[in-house]
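Trainee: Take a look at this one; I'll ask things after.
Every number in this text was worked out from the coordinates using simple rules, so none of it is lab data. Treat the numbers as computed from the prediction; the structure is a model and nothing was measured. Please note: Cβ atoms are built from the backbone with ideal geometry, for glycine as well, and neighbour counts cover all protein chains shown.
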Amino acid sequence: MATVTLDDLHKSYGKTAVIHGVDIDIADGEFIVIVGPSGCGKSTLLRMVAGLEGVTSGEVRIAGQRVNEKEPMDRDIAMVFQNYALYPHMSVRQNMGYGLKIAGTPKAEIEARVAEAARLLQLEPYLDRRPRELSGGQRQRVAMGRAIVRRPAVFLFDEPLSNLDAKLRVQMRLEIKQLQRDLGVTSLYVTHDQVEAMTLADRMIVMNAGVADQIGAPLEVYADPETAFVAGFIGSPPTNFLTPAAMGVAAPEGVQLGIRPEHLSLTPAGGAQATGRVLNAEPLGAETLVHLKMADGTLTTVRQDGTAPIPAEGDTVGLAWDAGVQMLFDADGRRIRD
Ligand SMILES: Nc1ncnc2c1ncn2[C@@H]1O[C@H](COP(=O)(O)OP(=O)(O)OP(=O)(O)O)[C@@H](O)[C@H]1O
Ligand SMILES: [Mg+2]
């Protein structure tokens, strides 16, 4: 187990800069999720920690030691990828033990470690099967097992669940979380799925075009986004971005107003601070999403309790909210704090 430090980490391919200076001190045993849209640099960042990509400038430290010049196999890390690439002709047991065998680990030791990983991952009944005789979730567990038997200081995951169907993804997400807790191994986990990030992370790094826009605990980031990008990316449905004028909020020119859907409520139109026309409503059971068009054409979503009355399409309704939930962002998307 180990701490991991990224110190002003930059990456360029030729003249194209893709990572613009990421800093984080990761505690021993911490679960860090790197989240952001496609192409923002998540895999590049992870691969620099793994040693699969060179570092353009800055430093990666594992357990306090600079590892920039170290080969992947000398970094005491284990990676689990989206494409878990098991050897099709080998049994589960052989797949899990293969890395240790290559490393020259004694046979008895390999057997003991594979047995322990199989127990942890509930793979004991399948040890003699080939990968094609397993379900997707079981194959994913074998890939995890291969990482676990190495007893690395750091786990690196790159979208390990994206090949699984939605239900299995939820189940495996819980299993990975539990396993990481039990083993206490420092982990960096890449995903573009903000729900996965929220549920797995001790802290998350929200990446926006090669910049770590915000680093923090999921609920902190959700409640207090530093940028309009983070406010829009974390949370579903996303934060509404409105013009202060249409909402009757005093703010300088060019400022954007952000309000989360659950912070808005519908009121009678008469006397309301802002009004909108109902485009449609989506009753989802526990909650209903009401989509509105404001006078200036901006679209807004209100998330209300499933038991609340649902307005009719075309109705003009009022909007109410507490001034405390308003978020203001400058023209560059930076949060304006008062
Ligand atoms: N070998 C390369 N040469 C040039 N540009 C590259 C190279 N590898 C990646 N990039 C660019 O770096 C940026 C970040 O890529 P990266 O793979 O880290 O994104 P990502 O966040 O993991 O995206 P995804 O969610 O699609 O996997 C992208 O714009 C990509 O085109
Ligand atoms: Mg990627």
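Trainee: Classify the range 68-112 as rounded, prolate or oblate from the Cα gyration tensor: take a ≥ b ≥ c as the square roots of its eigenvalues, call it rounded if a/c is under 1.5, otherwise prolate when a/b beats b/c and oblate if not.
Mentor: Oblate, since a/c reaches 1.5 and b/c is not below a/b.
Trainee: Can you tell which of 117, 229, 325 lies farthest toward the positive end of the dipole of the chain, using +1 and -1 charges on the Cβ of basic and acidic side chains (Lys, Arg; Asp, Glu)?
Mentor: Going by the Cα projections, it comes out as 117.
Trainee: Which value, in debye to the nearest 20, gives the size of the charge dipole of the range 93-235 about its Cα centre, when Lys and Arg are +1 and Asp and Glu are -1 at the Cβ?
Mentor: It works out to roughly 880 debye.
Trainee: On to the next question. Tell me the label-point distance for the pair residue 102, residue 68, using the 7 Å Cα-to-Cβ offset, in nm and rounded to one decimal.
Mentor: Modelled inter-label distance: 2.7 nm.
Trainee: Continuing with the same structure: Starting from the Kirkwood radius over alpha-carbon pairs of the range 100-159, derive D by Stokes-Einstein at 20 °C in a medium of 1.002 mPa s and give it in µm² s⁻¹.
Mentor: D, rounded to a whole number, is 175 µm²/s.
Trainee: What residue among 4, 145, 88 has its Cα farthest toward the positive end of the dipole of the range 1-160, where the charges are +1 on Lys, Arg and -1 on Asp, Glu, each on the Cβ?
Mentor: Positive-end residue among those listed: 88.
Trainee: What residues from the range 176-205 fall in the zone where the backbone N is under 15 Å from a label point 7 Å along the Cα-to-C-beta line of residue 151?
Mentor: Backbone N within reach: 183-185.
Trainee: A further question on this structure: Rounded to the nearest whole Å³, what is the per residue volume of the convex hull around the Cα atoms of the range 1-43?
Mentor: So the per-residue hull volume is 83 Å³.
Trainee: Let me ask something else about it. So if I restrict to the alpha-carbon atoms in the range 186-338, what is the Rg, and what is Dmax, the biggest pairwise distance, in Å?
Mentor: For the range 186-338, the Cα-based Rg and Dmax read 16.5, 55 Å.
Trainee: Normalised by the empirical 2.2 N^0.38 Å for globular proteins, what value does the Cα Rg of the range 283-338 take?
Mentor: Dividing the Cα Rg of the range 283-338 by 2.2 N^0.38 Å gives 1.41.
Trainee: Residue 320 versus residue 183, label points 7 Å from Cα toward the beta carbon: distance in nm?
Mentor: Taking the two extended label points, one gets 5.2 nm.
Trainee: Another question, if that's okay. Can you give the helix-only mean residue ellipticity at 222 nm for the chain, where every DSSP H stretch with n ≥ 4 adds -39500 (n - 2.57) and the sum goes over all residues, rounded to the nearest 500 deg cm²/dmol?
Mentor: After summing the helix terms and dividing by the residues of the chain, the value is -7500 deg cm²/dmol.
Trainee: Would you mind calculating the gained length between residue 129 and residue 223 on full extension (0.36 nm times residue separation, minus the Cα-Cα distance), in nm to one decimal?
Mentor: 29.2 nm
Trainee: Too long at a 30 Å Cα-Cα cut-off: which of 15/42; 107/167; 11/101; 15/177; 42/107; 177/293?
Mentor: 107/167; 11/101; 15/177; 42/107; 177/293
Trainee: Now for a separate question. Once the piece of chain linking residue 269 and residue 334 is laid out straight, how much longer is it, given 0.36 nm per residue of separation minus the C-alpha distance between them?
Mentor: In short, 20.2 nm is gained.
Trainee: Separate question: Taking only C-alpha pairs under 8 Å that are 6+ residues apart, what is the relative contact order of the chain in percent?
Mentor: Computed value for the chain: 17 percent relative contact order.
Trainee: In nanometres, what is the gap between the two model label sites at residue 116 and residue 7, each 7 Å from Cα along Cα-to-Cβ?
Mentor: 3.2 nm
Trainee: Would you mind checking the tilt of helix 107-120 against the longest principal axis of the Cα atoms of the chain, expressed as 0 to 90 degrees and rounded to 10?
Mentor: Once rounded, one gets 30 degrees.
Trainee: Also, quick follow-up: Where in the range 256-283 does the amide nitrogen come within less than 20 Å of the point 7 Å from the Cα of residue 209, taken along Cα to Cβ?
Mentor: Label zone hits: 256-258.
Trainee: Place a point 7 Å from the Cα of residue 262 along the Cα-to-Cβ direction; which residues of the range 298-312 have their backbone N under 14 Å from it?
Mentor: 302-306
Trainee: Separation of the range 1-53 and the range 313-335 by C-alpha centroid, Å?
Mentor: 34 Å
Trainee: Still on this structure: Taking N as the number of residues in the range 240-329, what value does Rg over Cα atoms divided by 2.2 N^0.38 Å take?
Mentor: 1.03
Trainee: Sticking with this one: What does the charge count around residue 257 come to, taking other residues whose C-beta lies under 15 Å from its C-beta (Lys +1, Arg +1, Asp -1, Glu -1)?
Mentor: Net local charge, residue 257 excluded: -1.
Trainee: Sort all Cα-Cα distances of the chain into consecutive 10 angstrom bins from zero, then give the percent of pairs in each bin up to the one containing the longest distance.
Mentor: Using 10 Å bins, I get a P(r) of 5, 22, 26, 21, 15, 9, 3, 0 for the chain.
Trainee: Can you tell me the dipole magnitude for the chain around its Cα centre, using point charges on the Cβ only (Lys, Arg +1; Asp, Glu -1), in Debye to the nearest 20?
Mentor: Roughly 1400 debye for the chain.
Trainee: Let me ask something additional. Sort out for me the Cα centre separation of the range 160-207 from the range 212-243, rounded to whole Å.
Mentor: Computed from Cα coordinates, the inter-centre distance equals 19 Å.
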